[in-house]
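Engineer: So that we are looking at the same thing, I have put the structure below in structure tokens.
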Amino acid sequence: MLARGETVIQWMEKLAPKHYAVPDDRIGLQIGSLRKEIRRVLVALDVTPAVVEEAGELGAELIIAHHAPLYRPLKHLQTDTPEGALMASLLRRDIAVYVAHTNLDSAEGGMNDWMAEALGIEGRAVLEEVHTDKLFKLAVFVPVDHQDAVRGALFNAGAGWIGNYSHCSFNIEGTGTFLPREGTDPYIGKQGKFEKAAEVRIETIVPDSARKAVVQAMLKAHPYEEVAYDLYPVDLKGRSFGLGRVGSLPQPESLDSFCERVKKALDVPFVRVVGDGSRQVRKVAVLGGSGSRYIRHAKFAGADVLVTGDIDYHTAHDADAMGLAIVDPGHNAEKIMKPKTARWLQEKLKAAGYDTEVLPSQANTEPFRLR
């Protein structure tokens, strides 16, 4: 069974929810239609003519890209321009393009976590918050003999997290009363008879991102046909998601030694470096893509070095003056997302019973070369 395009993207948005993106980022479906069965998905960093040709040869009906082919507004779509020819080629081949950009950067287990993990950074925290999950308190009244089943359903759906503690709840035993009216099918008691039931009030925390799934799981596990529950917002800060990561290496090492680590981990032939190669670095900030705007965030977080791309001349001087080392592996270092995204999505689709194949692009979209 093949997954339809909408189904593929539903899974993709579990990895990288759209509301994790920075405002006005160009994400989502940009070209074509998802209303079709998908035999193959090609995961690419960029959408270039080489990538489109690769997708065509593979028979891929969908490209999931990190960088948007439609980033700057187009005033016209002329097929004798590079942009227009690219769009025409995609439309002619009926290949849809879906973009996951800063939402994939911000996602837990997404771009910046992949890069930080590859570099061996431990104890990671978000460098720049983009989204904070709102928290809700859920209180549900459950017959005593079903309390374990309902609690388990709540926790499995994403409820019960407080910091790094899971399965958190508070439980109070009490007596529930009700009178089943005509047309009801009560789990306890009979129609027309006032009933008292031994119940447990289960209270737990629910993040906004899991609210719908938690409520659905609760209703499915609960034996009552009419479930009594309360769900209300609480003035507490939930988990934060955002750009970049900051953490520590297992042991300090020289900046020059760290540069070799970066080249190997991110599969790049060279890096540009700001800072004395003999200086010791341990606390590391990493931000995939273009990070010139985030040198002060890295310094404020206590980082010794920032790993990011597209550092310009004046930003390099500013970083050097503030004592922040920089290792610039280039923007194309984000190609780490191709095999990682493809593997994650393939596993989810396969587990759901779909035969759709997800492949990482093999096309090299690095525009620079050394001479």
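The values are calculated or read from the model by the stated rules, or taken from the named source; none is laboratory data. Everything numeric here is computed off the predicted structure, so don't read it as measured data. Backbone-built Cβ (ideal geometry, glycine too); neighbour counts: all protein chains shown.
Engineer: Condition check: of a type in the set (A, V, I, L, M) and surrounded by 19 or more Cβ atoms within 10 Å (Cβ to Cβ). Does Ala100 satisfy that?
Structural biologist: Numbers: of a type in the set (A, V, I, L, M): yes; surrounded by 19 or more Cβ atoms within 10 Å (Cβ to Cβ): yes.
Spelling it out, Ala100 is indeed of a type in the set (A, V, I, L, M) and surrounded by 19 or more Cβ atoms within 10 Å (Cβ to Cβ).
Engineer: Please go through region 299-311 and pick out each residue that is surrounded by 22 or more Cβ atoms within 10 Å (Cβ to Cβ), under 13 Å from Gly247 (Cα atoms) and out of contact with any Lys or Arg (no Cβ under 9 Å at 6 or more places or on another chain).
Structural biologist: Listed by number, the list holds a single entry, Val307.
Engineer: Moving on. Can you tell me how many residues within region 121-163 are in a strand (DSSP E or B), more than 30 Å from Asp304 (Cβ to Cβ) and not charged (D, E, K, R)?
Structural biologist: Looking only at that region, the number is 9.
The rows are residues; the columns are (1) surrounded by 20 or more Cβ atoms within 10 Å (Cβ to Cβ); (2) not assigned by TED's automatic domain parsing to the domain that holds Ala65.
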residue	(1), (2)
Val262	yes, yes
Ala265	no, yes
His314	no, yes
His317	no, yes
Lys348	no, no
Thr356	yes, no
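Engineer: Pairs only if they're at least six apart or on different chains, beta carbon under 7 angstrom, first in region 192-209 and in the same structural domain as Ser169 (by TED's automatic domain parsing), second of a type in the set (Phe, Trp, Tyr) and part of a strand (DSSP E or B); list them, first residue then second.
Structural biologist: So the pair list comes out as Glu195/Phe178; Glu199/Phe141; Arg201/Phe141; Glu203/Phe170; Val206/Phe136; Asp208/Phe136.
Engineer: Give, as residue ranges, the helices (runs of 4 or more DSSP H) completely inside region 245-340 that count at least 3 residues that are free of Cβ contacts under 8 Å to residues at least 24 places away in the same chain and more than 22 Å from Gly123 (Cβ to Cβ). Before the answer, list the steps.
Structural biologist: Values: elements: 255-266, 295-300, 313-321.
In region 245-340, the matching helices (runs of 4 or more DSSP H) lie at 313-321.
Engineer: Could you count how many residues in region 36-94 are β-branched (Val, Ile, Thr) and either in a helix (DSSP H, G or I) or at pLDDT below 95 (or both)? Before you say what the answer is, go through the steps one by one.
Structural biologist: Initial filter on region 36-94 (β-branched (Val, Ile, Thr)): 38, 41, 43, 47-48, 51-52, 63-64, 79, 81.
Those left that are additionally either in a helix (DSSP H, G or I) or at pLDDT below 95 (or both): 51-52, 79, 81.
Matching residues across region 36-94 total 4.
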